[in-house]
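Everything below concerns the one structure shown next.
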Amino acid sequence: MTDYPPPAPEPFDYDGNNRAGNDIGALLIHGFTGSPAEVRPLGQYLAQQGYTTVGPLLPGHGTNWQDLNRRTWQEWTDAVEQSYLKLQARCRKAFVVGMSLGGLLTLYLAERHPEIPAIVTMAPGLIASDWRANWAWLFKYFVHFVPYNPERDGDDLTDPEARKRDLWSYMGTPTAAAEQVVKLQRVVKPDLSKIAMPILIFHGTLDRSVKTASSQYVYDHVSSQDRELIWLHNSGHCLWVDSEKMQVWQKVRQFMAKHAAG
């Protein structure tokens, strides 16, 4: 049940086209209510450069919103941890890249796996723009699902083709699942100082889903000496498929190449 004809919400696993360097891998984690479809273009791009890329489907996603409403944040963290450990077993180095909820899960992994060589987090879902998120614990008893309303909610993507080309998502927000995101935020936020590996952060200034303060907070509170925060002024929330996507992809590739050496 989606708000546009979508690409398939299936996980992917690309082996880097057997080029030299495919012993370097990247776990790519999609966002809340979304699917690996939004990550696949970056995964394909990196695979063409010789990297192994894996995009798992988070529990409760790619099915229906009722399924997502039954899930817990621990199911998401368990899923990405298992995906990371499998990729780590295949590759000499395994990077983690995520956006929105995926960005939050990237931070979660980084706090618990200091051996990760470097991470990339895009619009990390630490501070939601919608004030109702913090009241999801109450709303879930009265409203199970908040439908997406284009007139009310708008669309922050600047590439008019991105939505139908690259995105698969539910038609709104399951409220019980939104509460789980808030719970995960409360787990991740206090431990940001545990993150010491290199970190690259992106955020679109047109983002209507996650406050730009979220990325600034991460930048200010991690312990990483090697850290960079990049603002994209012509991108909305799902910035890895929006108008500045090539800038994002190339920067991610350069960042991984730099920290894959040695």
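Remarks
- Alpha-carbon spread of the chain, three principal axes, descending order, Å: 54, 38, 33
- Cα-Cα over 31 Å, subset of K183/K258; K164/K194; K93/K164; K164/K258; K189/K258: K183/K258; K164/K194; K93/K164; K164/K258
- With a Förster radius of 22 Å applied to the C-beta separation of D191 and Q225, the computed FRET efficiency comes to 0.75.
- Placing dummy labels 7 Å off each Cα toward the beta-carbon, the span from E81 to E161 is 4.2 nm.
- Taking label points 7 Å from Cα along the Cα-to-Cβ direction, N234 and Q44 give a separation of 2.2 nm.
- GNM top mover of F12, F202, F142 - the chain, alpha-carbon springs below 10 Å: F142
- Contour excess over end-to-end distance, with Cα ends at Q247 and R90 and 0.36 nm allotted per residue: 53.7 nm
- Backbone geometry of the range 60-69 corresponds, through the Karplus equation with coefficients 6.51, -1.76 and 1.60 at θ = phi - 60°, to 3J(HN,Hα) couplings of x, 9, x, 10, 8, 5, 5, 4, 5, 5 Hz, x marking Gly and Pro.
- The residues of the chain present an accessible area of 42 Å² per residue when probed at 1.4 Å with all protein chains retained.
- MRE, 222 nm, helices only [DSSP H, n ≥ 4, -39500 (n - 2.57), over the chain, to nearest 500]: -10500 deg cm²/dmol
- Most mobile of L85, L126, L239 in a GNM of the chain (Cα contacts under 10 Å): L85
- With all protein chains in place and a 1.4 Å probe, the accessible surface of the chain carries 51 percent carbon and sulfur.
- Inter-site label distance for Q254 and E10 at 7 Å from Cα along Cβ, in nm: 3.5
The values are calculated or read from the model by the stated rules, or taken from the named source; none is laboratory data. Just so you know, these numbers come straight off a predicted model, no measurement behind them. Using ideal geometry, Cβ is built from the backbone for each residue, glycine included, and neighbour counts are taken over all protein chains shown. The area values use the complete protein model at the heavy-atom level, side chains included, leaving out ligands, DNA and RNA. Shrake-Rupley method; radii C 1.70, N 1.55, O 1.52, S 1.80 Å.
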